[in-house]
Amino acid sequence: ACVDQTSENTCQTNADLGGDRVETCLFGKLRDRKDIAAVFSTLSEQALEEAIEYLTDPIHGSPAQGRTIEGIVTIHVDDVYLTGSSAFKKVVDALRKDFRVGHEDVNDAMFVGQHIQWKDKGKPTGHIEVDQNVKIEELHEVNFDHSKADNISCTPDQHHQYRSVLGMVNWLQSRTQFQACYQFSRNASAAANPTLGDCRSLNKLVKKIRAGFDGENIKLCFWPVTGTPRLVGYPDAAYQNNADKSSQRAQCVFIASERRKDVTSPVGSLVDYVSKKIKKACPSTTVAELHAFHKCFGTCMMLRGLWMDMTAQALDIHMRTDANNLVTTARTTHLPEQEETIHMIQMMRHEACSGDIQDLAHVVTKNMLADCLTKSSAPPDALIKAVNTGLLPD
């Protein structure tokens, strides 16, 4: 826990700790700093505009471009998480001198309520696990009279309990309990004026989280990838599937191993997931799927820039959808009949043809890992298995 003011010595020692452009609490130590001030002074106005556009690109504009990353620091209030090479030890030693450290752990640590462990380090089965078992044990249900009907509105005290439990579930589902995303989204939609039926639904979600999978609490597992990594995005949507006839979108994004012809199920780690109600009007399944697709691609672009800043690696983006019509439409010049989909499909075609999406392909529904985040009828077994084993099916 860092609680003291930094000294001049630390500022000099960490002069090349660069803050990330997307995440303001994430820093990377860069080597071989480039001085671009002299370059800008010699540019013409037109060349300067081109240079600015080039530098704002997620990849070419990264301060890590052409450099080596020695370590990464991420902070949250007074919690600090560090990782890096042996050369990064100098920075860690300097931080110990100039900050008062209350507690320090290595390879088995708590960070913002998340238990992070390096399992089987040095072995083929080695990976990093993140769990929130302590917070799961603290989960409790909303207390109310179960003999009353579902349509009865909550009392002020029950409403307060509902929002309190919902907040606890929110912290879990946004960090490790990915299987709870969809149901949390539906319960959150009722937070303004919940009924006893909503309380029953929220309590059911609490029981599912506490029950876990095969008797164990669900956790995130991060597996080592081989070759040049890539981002694999799984967007999905359910058209008017919610009780209020609204549509739901979801996505899962993995960092996966380099694509190889002899590997059908590559190693991958879940790095982003979300399930949300689509607030805009969706006249068809295609529009809902397109909306989910663009949202997922936008997340992949953000993660691509974040990964570049932290590792100096430019990742390819591969998109996998179970909406085969999106894949076939992207490969044709057919103009869609629905006016509201023309610009969305043109955007998808542009990204696929420009190279921003390096690969767009169809997967069968059973291998659509985001399917369970769009509807309650889809079991989360496939997604949980992919996270636990690190293998992305087919």
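The values are calculated or read from the model by the stated rules, or taken from the named source; none is laboratory data. Everything numeric here is computed off the predicted structure, so don't read it as measured data. Glycine gets a Cβ as well: all are built from the backbone with ideal geometry, and neighbour counts include every protein chain shown. Side chains are part of the model used for accessible areas, which takes the heavy atoms of the whole protein and leaves out ligands, DNA and RNA. Shrake-Rupley method; radii C 1.70, N 1.55, O 1.52, S 1.80 Å.
Determine if the stretch 119-128 includes at least one residue that is under 21 Å from the mean Cα position of the chain (by Cα) and either under 22 Å from LEU306 (Cβ atoms) or open to solvent by less than 70 Å² (accessible area, probe 1.4 Å) (or both).
yes
Name the one entry in ASP356, ASP394 that is on the phi > 0 side of the Ramachandran plot, open to solvent by 10 Å² or more (accessible area, probe 1.4 Å) and either part of a loop (DSSP other than H, G, I, E, B) or of a type in the set (Gly, Ala, Ser) (or both).
ASP394
From the list GLN158, GLN177, exactly one residue is at pLDDT 95 or above, in contact with a Phe, Trp or Tyr (Cβ under 8 Å, 6 or more places away or on another chain) and surrounded by 13 or more Cβ atoms within 10 Å (Cβ to Cβ). Which is it?
That would be GLN158, the only listed residue that is at pLDDT 95 or above, in contact with a Phe, Trp or Tyr (Cβ under 8 Å, 6 or more places away or on another chain) and surrounded by 13 or more Cβ atoms within 10 Å (Cβ to Cβ).
In the stretch 229-256, how many residues are without any contact (Cβ under 8 Å) to a residue 40 or more places away in the chain and open to solvent by less than 10 Å² (accessible area, probe 1.4 Å)?
Counting residues in the stretch 229-256 that are without any contact (Cβ under 8 Å) to a residue 40 or more places away in the chain and open to solvent by less than 10 Å² (accessible area, probe 1.4 Å) gives 0.
Condition check: over 17 Å from the mean Cα position of the chain (by Cα), open to solvent by less than 40 Å² (accessible area, probe 1.4 Å) and at positive phi. Does GLY212 satisfy that?
In short, yes.
Sort out which residues of the stretch 263-274 are β-branched (Val, Ile, Thr), touching a residue at least 40 places away in the same chain (Cβ under 8 Å) and surrounded by fewer than 16 Cβ atoms within 10 Å (Cβ to Cβ), and write them in order of number.
Passing the criteria: only THR264.
Pull out all pairs, ordered by first then second residue, where Cβ-Cβ is under 6 Å, the residues are six or more apart or on different chains, the first lies in the stretch 365-383 and is under 14 Å from SER265 (Cα atoms) and touching a residue at least 12 places away in the same chain (Cβ under 8 Å), and the second is outside any helix (DSSP H, G or I) and of a type in the set (Ser, Thr, Tyr).
If the second residue must be outside any helix (DSSP H, G or I) and of a type in the set (Ser, Thr, Tyr), the pairs left are LEU369/TYR234.
Condition check ((1) over 17 Å from GLN313 (Cβ atoms); (2) over 29 Å from the mean Cα position of the chain (by Cα); (3) at pLDDT 75 or above; (4) buried (at least 18 other Cβ atoms within 10 Å of the Cβ)) across all residues:
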| position | (1), (2), (3), (4) |
| --- | --- |
| LEU30 | no, no, yes, yes |
| ILE36 | yes, yes, no, no |
| GLU49 | yes, yes, no, no |
| PRO63 | no, no, yes, yes |
| THR68 | no, no, yes, no |
| ILE72 | no, no, yes, yes |
| ILE75 | yes, no, yes, no |
| SER85 | no, no, yes, no |
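Listed here are the residues, each with its yes/no results for (1) under 26 Å from ARG31 (Cβ atoms); (2) touching a Ser or Thr at 6+ places or on another chain (Cβ under 7 Å).
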position	(1), (2)
ILE69	yes, yes
VAL73	yes, no
PHE88	yes, no
VAL106	yes, no
HIS140	no, no
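When you check ALA238 against the structure, is it small (Gly, Ala, Ser), within 30 Å of VAL327 (Cβ to Cβ) and in contact with an Asp or Glu (Cβ under 9 Å, 6 or more places away or on another chain), yes or no? So that I can check it myself, show each step before the final result.
Working: small (Gly, Ala, Ser): yes; within 30 Å of VAL327 (Cβ to Cβ): yes; in contact with an Asp or Glu (Cβ under 9 Å, 6 or more places away or on another chain): yes.
Here the answer is yes, as ALA238 does meet what is asked.
Say we look at the stretch 343-359 and pick out the residues that are within 23 Å of TYR239 (Cα to Cα) and modelled with pLDDT of 70 or more; which of these is nearest to the chain's Cα centre (by Cα)?
Restricting attention to the stretch 343-359, the residues satisfying the condition of being within 23 Å of TYR239 (Cα to Cα) are 343-349.
So of that shortlist, the ones also modelled with pLDDT of 70 or more come out as 344-349.
Values: MET344: 23, ILE345: 25, GLN346: 26, MET347: 23, MET348: 21, ARG349: 25 Å.
Only one residue tops the list, namely MET348.
Give the number of residues within the stretch 348-394 that are closer than 24 Å to ALA330 by Cα and among the β-branched types (Val, Ile, Thr).
Here the count works out to 5.
Can you tell me which residues in the stretch 90-144 are in a helix (DSSP H, G or I) and farther than 30 Å from VAL267 by Cα?
LYS90, VAL91, VAL92, ASP93, ALA94, LEU95, ARG96, LYS97, ASP98, GLU137
I need a count of the residues in the stretch 275-322 that are farther than 30 Å from ALA188 by Cα, open to solvent by less than 40 Å² (accessible area, probe 1.4 Å) and not in a helix (DSSP H, G or I).
Total satisfying the criteria: 4.
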